């Protein structure tokens, strides 16, 4: 009787040494990030420490930015809530409901902020050409100027805070913030800006 010959693949599998640990995975992690996490279980602790540090720092940072935006030295200060709206409208026009979802606000709450910006001439309401019932929000030239002004004030305030850091600490902070920015950019999110709300030419 002819002897049955096993397939090369099965032979290779049989020849592969197996771990005596029953909890060991059957395969090596294929993804680089997965391999890194598997090889460095302490990374989870480091990420938790980073998260805790962010939680400690963010409230003070928000207060510092709010003070810069609402500076008594500024003849035309802007509230933090208004700055958030202007920052989003810098990039694209939005419908109210879409902007509310983008900012995590209720439409009624956002309406109050938008109304104040419209009264100040910083934001404009424009009806969509294809459907006159639809209103889009657009930052005005005065709104762009106001946003640039308060952004410069905030940067100046932050730079004064960063003067307490050594050059090496400042460089490390920049590296960390850039990594955080990349992580935020790759986080799953549905863009709220609508193509049909672009400024009319």
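The values are calculated or read from the model by the stated rules, or taken from the named source; none is laboratory data. Every value quoted in this text rests on a predicted model; they were computed, and no experiment measured them. Here the Cβ is made from the backbone with ideal geometry for all residues, glycine too, and neighbour counts use every protein chain on show.
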| request: Looking at (1) touching a strand residue (DSSP E or B) at 6+ places or on another chain (Cβ under 9 Å); (2) surrounded by 15 or more Cβ atoms within 10 Å (Cβ to Cβ), find the lone condition where residue 105 falls short. | output: (1)
| Yes/no for residue 155 being farther than 13 Å from residue 89 by Cβ, in a helix (DSSP H, G or I) and without any contact (Cβ under 8 Å) to a residue 60 or more places away in the chain | yes
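I'd like the residue in segment 113-134 that is out of contact with any helix residue (DSSP H, G or I) (no Cβ under 9 Å at 6 or more places or on another chain) and in a helix (DSSP H, G or I) and, out of all such residues, is surrounded by the most Cβ atoms within 10 Å (Cβ to Cβ). Don't jump to the end; show me each part of the working.
The initial filter retains those residues of segment 113-134 that are out of contact with any helix residue (DSSP H, G or I) (no Cβ under 9 Å at 6 or more places or on another chain), namely 115, 118-119, 127, 132-133.
Remaining after also requiring in a helix (DSSP H, G or I): 115, 118-119.
Working: 115: 12, 118: 15, 119: 9.
Once the filter is applied, the top-ranked residue is 118.
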| query | Is segment 62-83 home to any residue that is modelled with pLDDT of 70 or more, closer than 28 Å to residue 162 by Cβ and loosely packed, with under 12 Cβ neighbours inside 10 Å? | reply | yes
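Residues in segment 150-174 that are more than 30 Å from residue 77 (Cβ to Cβ) and either modelled with pLDDT under 90 or surrounded by 10 or more Cβ atoms within 10 Å (Cβ to Cβ) (or both): how many?
Adding up the residues that qualify gives 3.
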| task | Kindly indicate whether any position in segment 140-149 is farther than 23 Å from residue 68 by Cβ and modelled with pLDDT under 95. | result | no
